[in-house]
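Take a look at the structure set out below.
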Amino acid sequence: MKDTIHKYFKQQQLLYGNELYFSINPEQSSESILKNDRINTQQELDTFNESICLCMECPLGKTRTNFVFGVGDPNAELLLVGEAPGEPEDLSGEPIVGGAGKMLDRILIAIGKKRGDGVYIANVIKCRPPNNRDPLPSEVDKCEPYLLEQIAKIRPKLIVALGRVAGKTLLKLDVPLQEMREKTHDYNGTPLRVTYHPAALLRNSNFKKPCWKDFQWIQGFLGNA
């Protein structure tokens, strides 16, 4: 047995010199790497959240109930971005909940996704504006850098702005939603599309068909990315 082992290593030395090469299970290795990446990114996001959750850079910090950082898969390929928390989000501390959240969950399931698995959800603004008004430019200026930092950590393949206000805020375009839809924009190096906010589908069922068309495109894009 010893002679066989000695002969094997002699052959390896003749072929490869004094370097030893070991075969590993590539599938197991990639799973371990992905798991470690997921843990590391989640830790980075948690640390970042802790560093900004007491933010008082704009007046919204004084009126919020909860700072709504964002939730989901830390290594998501799809990042959904709303404009700002509403009352349910302000109370729960989680973006897009209640009826709109259930609608969004159904849409995600229809394209083979789900909240927290391959998807991350955030808002441009982390605190609720009074009476759900649109975010002010001064508030966006203070809060958008936080979103940019989240994007840098998550590294999504695609960003989807939910609603006209989110779209125009990110793209700096004051145009109707229809002019932003069905176009692939660039947001600091990441592809961005604009579609309807789930809450809009609850108010007007006519928006469901074009919204579904948008998400079918999203499904195709992620499948080919």
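The values are calculated or read from the model by the stated rules, or taken from the named source; none is laboratory data. Only a predicted model underlies this, so the values are computations on that prediction, with no experimental measurement involved. Every residue, glycine as well, gets a Cβ built from its backbone with ideal geometry; the counts of neighbours run over all protein chains shown.
Residue 221 meets the conditions (1) in contact with a strand residue (DSSP E or B) (Cβ under 7 Å, 6 or more places away or on another chain); (2) part of a helix (DSSP H, G or I); (3) under 18 Å from residue 83 (Cα atoms); (4) not polar (S, T, N, Q) in every case but one. The failed one is (3). If you take the residues in the stretch 152-161 that are hydrophobic (A, V, I, L, M, F, W, C) and within 25 Å of residue 37 (Cα to Cα), which one is surrounded by the fewest Cβ atoms within 10 Å (Cβ to Cβ)? It comes out as 152.
Taking first residues from the stretch 99-118 that are under 25 Å from residue 87 (Cβ atoms) and partners that are surrounded by fewer than 19 Cβ atoms within 10 Å (Cβ to Cβ) and basic (Lys, Arg), the Cβ contacts under 6 Å between residues at least 6 apart in sequence or on separate chains come to 108/114. For the residues 115, 38, 106, the requirement of being surrounded by 18 or more Cβ atoms within 10 Å (Cβ to Cβ), out of contact with any Lys or Arg (no Cβ under 7 Å at 6 or more places or on another chain) and either under 20 Å from residue 141 (Cα atoms) or among the charged types (D, E, K, R) (or both) singles out 115. Among the conditions (1) of a type outside the set (Val, Ile, Thr); (2) surrounded by fewer than 20 Cβ atoms within 10 Å (Cβ to Cβ); (3) under 15 Å from residue 111 (Cβ atoms); (4) at pLDDT 95 or above, the only one that residue 193 does not satisfy is (2). The set of residues from the stretch 129-143 being surrounded by fewer than 17 Cβ atoms within 10 Å (Cβ to Cβ) and either in contact with a helix residue (DSSP H, G or I) (Cβ under 7 Å, 6 or more places away or on another chain) or in a helix (DSSP H, G or I) (or both) comprises 130, 131, 132, 134, 137, 138, 141. Can we say residue 149 is surrounded by fewer than 22 Cβ atoms within 10 Å (Cβ to Cβ) and part of a loop (DSSP other than H, G, I, E, B)? No, not satisfied. The condition of being of a type outside the set (Gly, Ala, Ser) and without any contact (Cβ under 8 Å) to a residue 24 or more places away in the chain does not hold for residue 90.
Filtering the stretch 138-157 to residues that are of a type outside the set (D, E, K, R) and either modelled with pLDDT under 95 or within 18 Å of the chain's Cα centre (by Cα) (or both) leaves 143, 145, 146, 147, 148, 150, 151, 152, 154, 156. Taking (1) in a helix (DSSP H, G or I); (2) touching a residue at least 60 places away in the same chain (Cβ under 8 Å); (3) touching a Leu at 6+ places or on another chain (Cβ under 6 Å); (4) not acidic (Asp, Glu) in turn, residue 208 satisfies each apart from (2).
One residue alone among 65, 47 is in contact with a Leu (Cβ under 8 Å, 6 or more places away or on another chain) and among the β-branched types (Val, Ile, Thr), and that residue is 65.
Checking the stretch 158-172 against the condition returns no match, with no residue being over 19 Å from the mean Cα position of the chain (by Cα), touching a residue at least 24 places away in the same chain (Cβ under 8 Å), under 23 Å from residue 88 (Cα atoms) and not in a loop (DSSP other than H, G, I, E, B). Of the residues making up the stretch 56-72, those that are under 23 Å from the mean Cα position of the chain (by Cα) and among the hydrophobic types (A, V, I, L, M, F, W, C) number 4.
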